[in-house]
Every structure is written in C-alpha cells, then in structure tokens.
1. Being out of contact with any Cys (no Cβ under 9 Å at 6 or more places or on another chain), under 23 Å from LYS50 (Cβ atoms), surrounded by fewer than 21 Cβ atoms within 10 Å (Cβ to Cβ) and polar (S, T, N, Q) is the requirement here; does ASN153 meet it?
2. From the set of residues in region 121-147 that are of a type outside the set (A, V, I, L, M, F, W, C), within 16 Å of SER97 (Cα to Cα) and more than 13 Å from the chain's Cα centre (by Cα), which is least open to solvent (accessible area, probe 1.4 Å)?
3. If you check PHE46 against the conditions, is it open to solvent by 70 Å² or more (accessible area, probe 1.4 Å), over 19 Å from GLY151 (Cβ atoms) and over 10 Å from the mean Cα position of the chain (by Cα)?
4. Among the numbered conditions (1) buried (at least 24 other Cβ atoms within 10 Å of the Cβ); (2) under 27 Å from GLY146 (Cβ atoms); (3) hydrophobic (A, V, I, L, M, F, W, C), tell me where ALA52 comes up short.
5. Looking at LEU86, LEU160 in this structure, which one is at pLDDT below 95 and open to solvent by 40 Å² or more (accessible area, probe 1.4 Å)?
6. Would you say GLY136 is modelled with pLDDT of 95 or more, over 16 Å from ALA167 (Cα atoms) and either assigned to a loop (DSSP other than H, G, I, E, B) or aliphatic (A, V, I, L, M) (or both)?
7. Does any residue in region 50-62 that is over 12 Å from LEU84 (Cβ atoms) and touching a residue at least 12 places away in the same chain (Cβ under 8 Å) come within less than 8 Å, Cβ to Cβ, of a residue that is among the β-branched types (Val, Ile, Thr) and open to solvent by less than 10 Å² (accessible area, probe 1.4 Å) six or more places away or on a different chain, and which pairs are these?
Amino acid sequence: MKMPTFTVDQLLARHKAWLLDDEEESRMDRRGNFAGMNFQSLDLRFAVFKQATLERANFMFADLRESNFIDASAKEVNFLCARLNLARLDDADLRNSNCKFAYFRGATLTGIDFSGANLSGGDFRDANLRGAILSGADIRGAIFIGANLSGANLRDCRMLGANFIRANIRGAKIQPDKLRNRLIIWRERPGETK
C-alpha cells in the first residue's frame with residue numbers, strides 16, 4: 001500500500017487542525033511529526049510548529065520570522081543562519097541543536113532548553129530568555145544586547161566574546177569566574193548596581 005505524500009503546506013495545515021481539534025481520538029494521526037525533514041532555505045514565516053516533533057529537522061537558512069514553536073520537541077535541529085526574529089519558542093526543547101549565527105531578535109524563548117546547543121554568533125537582541133536553560137551551550141560571540149536572561153541557567157557555557165550589554169541577568173545562574181573574563185562584553189543596566 002502506497003503511503004500518502006503531503007506538501008509542507010499540507011502537513012502544516014494538518015498540524016494546525018490537530019491543535020484546534022478538541023476530540024482526542026481524531027487528533028492522534030495529525031500531530032505534526034517533522035522529524036528529520038528538510039526545510040532548508042524555505043519561507044516559513046508565521047508557520048505553526050506548536051507541540052510538533054522536529055528532532056533532527058533541517059531549517060538551515062530558513063525564514064521563520066514570527067513562527068510558533070511553543071512546546072516543540074526539537075532536539076538536534078539545525079537552525080544554522082535561520083531567521084527566527086519575533087518567533088515564539090516558549091518551553092521548546094532544543095537540546096544539542098545547531099543555532100550558529102541564527103537570528104532570534106525579539107523572540108520569546110521563556111523556559112526554552114538550549115542545553116549543549118551551539119548558539120555561537122547568534123543574535124538574541126531584545127529576546128526574552130527568562131528561565132531559559134543554556135547549560136553547556138556554546139554562546140561565544142553571541143549578542144544578548146537588551147535581552148532578558150533573568151533566572152536563566154548559564155552554567156558551563158562557553159562565553160568568549162558574548163555581548164551582554166543592557167541584558168537583564170537577575171537571578172541567572174552564572175559562574176562568577178565567567179563574569180571576570182575580560183573578553184566578555186558586560187555592562188550594568190542603567191540604574192543597577194553591583
């Protein structure tokens with residue numbers, strides 16, 4: 001028996017219908033399972049991947065501005081140079097993902113799990129990473145200007161050259177020796193004292 005084939009738009013529409021369906025039994029076959037799929041260089045602005053399975057999917061160079069990845073399971077996904085400005089990734093699982101040089105400007109990333117991820121050179125300006133888990137992540141050269149990292153876990157991160165100017169880090173878990181590194185760009189927010 002030949003399996004049906006779907007376009008990306010059809011798969012996203014089925015997943016969106018699954019999210020809107022209240023009947024548990026009819027929801028079982030439509031949940032978005034995009035594991036291992038190739039979305040490289042596609043225009044997926046405003047796409048809804050909420051609660052989808054995306055392990056090892058490839059979004060390299062994709063345009064994902066204002067997309068929705070809330071509570072998505074996306075371990076080891078490839079977001080190399082992807083544009084995720086203003087996207088919603090609250091509580092998403094992006095452990096061990098490649099987000100090198102990705103754009104997350106103004107994105108909502110509260111509670112996201114970036115453990116072990118490569119975020120080097122990423123742009124997180126004005127992003128909300130409240131309560132995010134970045135333990136063991138590579139954030140070398142990443143830009144966190146004006147970002148909210150309150151309550152975030154930044155233990156064991158590689159931070160060389162990361163820019164935290166005007167970032168809110170109240171309650172963040174950071175090794176004190178990392179803050180003394182002169183190659184980390186750090187400045188107190190206006191009105192804050194040590």
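The values are calculated or read from the model by the stated rules, or taken from the named source; none is laboratory data. Bear in mind the structure is a predicted one, so any value in this text is a computation, not a measurement. Every residue, glycine among them, receives a Cβ derived from its backbone with ideal geometry; neighbour counts consider all protein chains shown. For accessibility, only protein heavy atoms count, side chains too; no ligands or nucleic acids. Shrake-Rupley method; radii C 1.70, N 1.55, O 1.52, S 1.80 Å.
1. no
2. Restricting to residues being of a type outside the set (A, V, I, L, M, F, W, C), within 16 Å of SER97 (Cα to Cα) and more than 13 Å from the chain's Cα centre (by Cα), the top hit is ASP138.
3. Yes; evaluated as a whole, the condition is true for this residue.
4. (2) is the only condition that ALA52 fails.
5. LEU160
6. So GLY136 fits the description; yes.
7. Short answer, once both residue conditions are applied: LEU54/VAL77; GLU55/VAL77; ARG56/VAL77; ALA57/VAL77; ASN58/VAL77.
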